[in-house]
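Throughout, read-outs are computed from the coordinates displayed, never taken from laboratory work. All values reported here derive from a predicted model rather than from experimental measurement. For neighbour counting, all protein chains shown are included, and Cβ atoms are generated from backbone atoms with ideal geometry for every residue, glycine included.
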Amino acid sequence: MDVPDVLVVGGARPLRGRLRVPGDKSISHRALIFGALAAGSSAITNLATGDDVRATARVLAQLGATVGSEGDAVIVSGGGVAGFTEPEDVLDCANSGTTMRVLAGVLAGRPFLSVLSGDASLRARPMGRVVEPLHAMGADVDGRAGATCAPLVIRGAALRAVRHELVVASAQAKTALLLAGLQAEGETEVVSPSPSRDHTERMLAALAAPIVVDGLCARIARGAPRSFELDVPGDPSSAAFFAVAAAITPGSDIVIESMSCNPTRVGFVGVLRRMGADVELTVSGEVCGEPVGELRVRASELCGTTIAGDEVPTVIDEIPALAVAAAFADGVTEVRDAAELVVKESNRIGTLHEELAKLGVGVEARGDGLVVRGGRAAAADLSSHGDHRIAMAMAIAANALAADSTVHGWRAVSSSYPEFARDLERLTGAGTR
Ligand code: S3P
């Protein structure tokens, strides 16, 4: 999809109607990778449409998997982990941290040389959280800045199972180590400091891989997932932007259908409820170990709240959307214990601070979060800073304001949700401008 680099939006138009957002990005990456690790063919429908998941598909093809399509399904066929072959060129993960970190865990156990790289933003993001524990398993992984930054150079080796105690509650790091563990002799244990998204554990268990979860500890033995058919549920991180847009724009009433309701992903629903939002989450089924349902949101008056502690990993990608909710709420919202925001696709503490200030919102940046004083916002000239979630956050703030705002660098939205502007137009009834 051709996405323009500038978005003009405004008019305080209410959002009304039903929407199915693109497939969950985290589940989509895993579905492609697990499909390549399984012997045989897997069929995936409603795969995420953004550039990040495309990067995973492209890299898997470079590693010898076949990624094609049949009707509206993406078909992944591989010869199991043993079918991975040495890539001829650098593996370009573009802007996608999940592609790089998770595949580092797979490639650490493959008997060939591979190099993972990406765009300037990804090359600046921390990789030590994956590389260091992989070293403990006997992996040969090098990289820039003392192996803490990409490009990562991996010479696959025989891995030994160890117990990892993660310092950061990172699902990408956890997943990398579990996929390395699938190739190691013995039982690999990964202990997280607090809950992080658990798609890997749920999906691998549903696909008969040898994994056992006990609270914050996941144990895995040598093995592989089986091939599968999966209809990927909608991405709650994408839905969160529409949920906030509806909550802050008077007259709104929307339903987001077929959304992943994984408890590690829908923390934003609880935060919005605490802020006084009119939100209803209804779980109606399960696919591949993942609860699925729908989310209804109606506009209402919001108040400030505090987001801190163990809640943070369950809303980490939704903080840009929640910061916009805070900007339109009555009172003060504080985000604490969220230093991870600094190492996302942009430094989201810095970029949210800069953009909310342009909107005239009272905002203070802290080392581990933000303080937002809601209630005053006016149209402005805004920037995505090359970060898809900052782009969407600014679009929903702009939509709630009477005058038009401009979001520069809009194209960044393509990482996860190229169709976002079209879907916003559809719900607001606005014509293309
Ligand atoms: C993801 C995990 C999170 C999240 C990212 C996707 C995943 O990152 O922010 O957008 O799919 O595992 P961390 O693992 O760095 O917390």
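Observations on the structure shown:
- Local electrostatic count, SER252, Cβ distance below 12 Å [Lys/Arg +1, Asp/Glu -1]: +2
- Fraction of C-alpha pairs exceeding 14 angstrom in the stretch 316-384: 52 percent, rounded to a whole number.
- Dimensionless Rg/Rh of the stretch 261-400 - Kirkwood Rh, Rg from C-alpha atoms: 0.97
- Seen from every direction in turn and averaged, the convex hull around the alpha carbons of the stretch 25-227 projects onto 9.7 nm².
- Taking every C-alpha pair closer than 8 Å and separated by at least 6 residues, the mean separation divided by the residue count of the stretch 25-227 gives a relative contact order of 18 percent.
- ARG373 sits among other residues whose Cβ lies under 11 Å from its own Cβ, and their net charge, with Lys and Arg +1 and Asp and Glu -1, is -2.
- Taking Lys and Arg as +1 and Asp and Glu as -1, the other residues whose beta-carbon sits under 13 Å from that of THR45 total -4.
- Translational diffusion of the stretch 160-227, µm² s⁻¹ [Kirkwood Rh, Cα pairs; Stokes-Einstein; 10 °C; 1.306 mPa s]: 137
- The Rg/Rh ratio for the chain, using Cα coordinates for both the radius of gyration and the Kirkwood hydrodynamic radius, is 0.96.
- Percent RCO, i.e. relative contact order, over the chain, from Cα pairs under 8 Å lying at least 6 residues apart: 19
- Shape metrics for the stretch 365-424, restricted to C-alpha atoms - Rg then Dmax, Å: 12.5, 36
- Estimated D of the stretch 212-266 in µm² per second, where Rh is the Kirkwood radius over Cα pairs and Stokes-Einstein applies at 37 °C, 0.692 mPa s: 225
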